[in-house]
Each structure stands twice: as C-alpha cells, then as structure tokens.
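*Asks:* Provided herewith is a single structure, encoded as structure tokens, for subsequent inquiry.
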Amino acid sequence: QFPTYMPGLQDMLASMLAKVSLQRPRAQQLLTHPWFASHSDLELPKQTISVLVSSSAKDYYHANLLNELMDKCNLNELRALHRYLDSLAVKNNSGQMPAGILRHDVFSTALLDIGIEELSASSYIASNHRGVGGQWCVDYGHLLEEAVHEKELRNNQVVVNLFNEMDLDEDGVLTRDEIREMLECDAFEVDFDGVDEVLANLDSDEDGAVDFEEFKRAVLEDGRIAPKHVADQGTKAKPSWLRYGASLVTGTASV
C-alpha cells in the first residue's frame, strides 16, 4: 500500500503499469508529471519498496515466460502443451492438489523439453511458486490459458492479413486451390495430410467458395499458424507431446 501522503507518486506508477501498453506514458511524458516538480524529500516506507520490487519481478518473469511460450509454440502446440501438463498433473498429483497445479520440478522439466530457456523457467518458478500439500508447486493452468488466449488474438490478425493478401480481386472469398497454396507456405506448420484436414473443415455452407469467417474458423481451430520467426526460417521439428494435440477430422479441436 502507498502512504496516503504520496498520491502523486501512486498516480504516476499506476499509469506506468497500465495493462494496455498504449495507455502507458512515454519517458518524456513522465518527466512532465507533477511528481517530478515536487520538492518533497520524504522516502517511501521499506515495506512499500519491498512490495513494489517483489510484485514487479513476479510480473516481469510471468510476462517473459508467457512471451517465450508464444514464440516457441503455435496455437495448436500451446493447446497440446496444456493437455500434456494436465496429464502430468493427473499422473503426479494423485488427487492431492487442485486442478491446474503441478510440482515445480515436473513443470520445469516440461518447459525445458520444449526449448524454454532454463533461466526463464527457473526465474518464473522462483517468483510464482507456492506451497501445496507440503510441496513447491506452480499454477500452470492460468499461465497456459493466458498464453492460448493471447496467441488466439495474435493469430486472428495474421489470418486477416493472409486472407486479404490472397483475396486479390477483393470479393471476400477464396477458392480451395488458393487456400491450399496458402496452407502450404511457411506461414503455417501444416504437413500434406494436415492441409487436407483443414480443407475438409472449410466451406461449411457447401457453396463452393470459402469466405473469411469460414477460413478464420477452420484455421484458428486447427491452430497450426507458425510463429513469425519460424515462418521466416522454415519448418521446425515437432515435439513428441504433440500426440496430445487435436484433430479436426475427429472433431476434438478445442480452445
């Protein structure tokens, strides 16, 4: 809690921590804040400083791991990773812990297996673990739910851009051949059989053409939109835990 005699500093820091990045003031804007014109020499209480530092570190390591997960995995892989961690929780927790909770060492091993930097994993665990049933545990459920949600938002814009690039005559529909060509490019991590899976889920109204909403639904359900750095470099190897992924053919795709 901020001391009541420092409302200016509280207001300034609150603006700097706004969830929406566009609402955060830039450095030059901060310098015009009334706090910097203050001549007060009062110091923040040590308890307030401690809370600020610990909270900032926790949020930083959370955001850092979240971004690394979204960079390493496409949407389908994030969903599969969530299901994989769920399976580990069932195997290792023996019903002693709430859903979405996993022992920190099991969680760390799973992150390292998919290529997450050891420092990112250990820093997140150190600042986000908690004791459950006498063991140090991590709430992976909320982390993966947030990663999937953020990835869906990012992919939605990618889908819009890709569709508009292919829709040269701007009539709002694409042919199946045009979509096949798109799915076979490096913007997607879809193999030959996977292209057929996506195509089978298109054109839900069976009118012979695919409009944007049909395309977006099928592609986001499939989730194999490549992260930007992967699309730039080519196809990456698929991790073994993708057997927990979803199949559009069997209708098991889920968010």
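The values are calculated or read from the model by the stated rules, or taken from the named source; none is laboratory data. Small disclaimer: the values here were computed from a predicted structure and weren't measured. Cβ: placed from backbone, ideal geometry, glycine included. Neighbour counts: every protein chain shown. Just so you know, the surface numbers come from the protein's heavy atoms only, side chains and all, with ligands and any DNA or RNA stripped out. Shrake-Rupley method; radii C 1.70, N 1.55, O 1.52, S 1.80 Å.
*Asks:* Considering each residue of the range 57-69, count those that are touching a residue at least 24 places away in the same chain (Cβ under 8 Å) and closer than 17 Å to Ser108 by Cα, and give that number.
*Replies:* Going through the range 57-69 one residue at a time, the tally reaches 8.
*Asks:* Looking at (1) surrounded by fewer than 17 Cβ atoms within 10 Å (Cβ to Cβ); (2) modelled with pLDDT under 75, can you tell me which one Asn93 breaks?
*Replies:* Failed condition: (1).
*Asks:* Sticking with this one: Go through the range 106-122 residue by residue and tally those that are part of a helix (DSSP H, G or I), open to solvent by 20 Å² or more (accessible area, probe 1.4 Å) and either over 17 Å from Leu81 (Cβ atoms) or in contact (Cβ under 8 Å) with a residue 24 or more places away in the chain (or both).
*Replies:* The total comes to 4.
*Asks:* Taking the conditions exactly as written (under 30 Å from Tyr61 (Cβ atoms) and surrounded by fewer than 13 Cβ atoms within 10 Å (Cβ to Cβ)), does Gly134 satisfy them or not?
*Replies:* yes
*Asks:* Considering every residue within the range 49-66, establish whether at least one is out of contact with any His (no Cβ under 9 Å at 6 or more places or on another chain), buried (at least 19 other Cβ atoms within 10 Å of the Cβ), modelled with pLDDT of 75 or more and not hydroxyl-bearing (Ser, Thr, Tyr).
*Replies:* Step one: list which residues in the range 49-66 are out of contact with any His (no Cβ under 9 Å at 6 or more places or on another chain), which gives 49-66.
With the extra rule that they be buried (at least 19 other Cβ atoms within 10 Å of the Cβ), the set shrinks to 61, 65.
If we keep only those that are modelled with pLDDT of 75 or more as well, we get 61, 65.
Retained after the next criterion (residues that are not hydroxyl-bearing (Ser, Thr, Tyr)): 65.
Scanning the range 49-66 turns up at least one residue that is out of contact with any His (no Cβ under 9 Å at 6 or more places or on another chain), buried (at least 19 other Cβ atoms within 10 Å of the Cβ), modelled with pLDDT of 75 or more and not hydroxyl-bearing (Ser, Thr, Tyr).
*Asks:* Take the residues of the range 1-39 that are among the small types (Gly, Ala, Ser) and assigned to a helix (DSSP H, G or I): which is nearest to Glu150 (Cα to Cα)?
*Replies:* Ser21
*Asks:* Another question about this same structure. So which pairs qualify, if the first residue must be in the range 5-23 and within 18 Å of Ala63 (Cα to Cα), the second must be of a type in the set (Phe, Trp, Tyr), the Cβ gap must be under 6 Å, and the two must be at least 6 apart or on different chains?
*Replies:* From the range 5-23, no pairs qualify.
*Asks:* Can you say whether Glu150 is surrounded by 15 or more Cβ atoms within 10 Å (Cβ to Cβ), of a type in the set (D, E, K, R) and farther than 23 Å from Leu199 by Cβ, as far as the supplied structure shows?
*Replies:* yes
*Asks:* Can you tell me which condition Glu170 does not meet? The list is (1) on the phi > 0 side of the Ramachandran plot; (2) in a helix (DSSP H, G or I), and all the others hold.
*Replies:* For Glu170, the exception is condition (2).
*Asks:* If Asp186 passes every condition in (1) touching a Ser or Thr at 6+ places or on another chain (Cβ under 9 Å); (2) assigned to a helix (DSSP H, G or I); (3) of a type outside the set (S, T, N, Q) but one, which one does it miss?
*Replies:* It fails just one condition, (2).
*Asks:* Right, another one. Give the residues of the range 191-230 that are part of a helix (DSSP H, G or I), open to solvent by 30 Å² or more (accessible area, probe 1.4 Å) and modelled with pLDDT under 75, sorted by residue number.
*Replies:* Phe192, Asp193, Asp196, Glu197, Ala200, Lys228, His229
*Asks:* Checking Leu42 against (1) open to solvent by less than 40 Å² (accessible area, probe 1.4 Å); (2) modelled with pLDDT under 80, which test does it fail?
*Replies:* (1)
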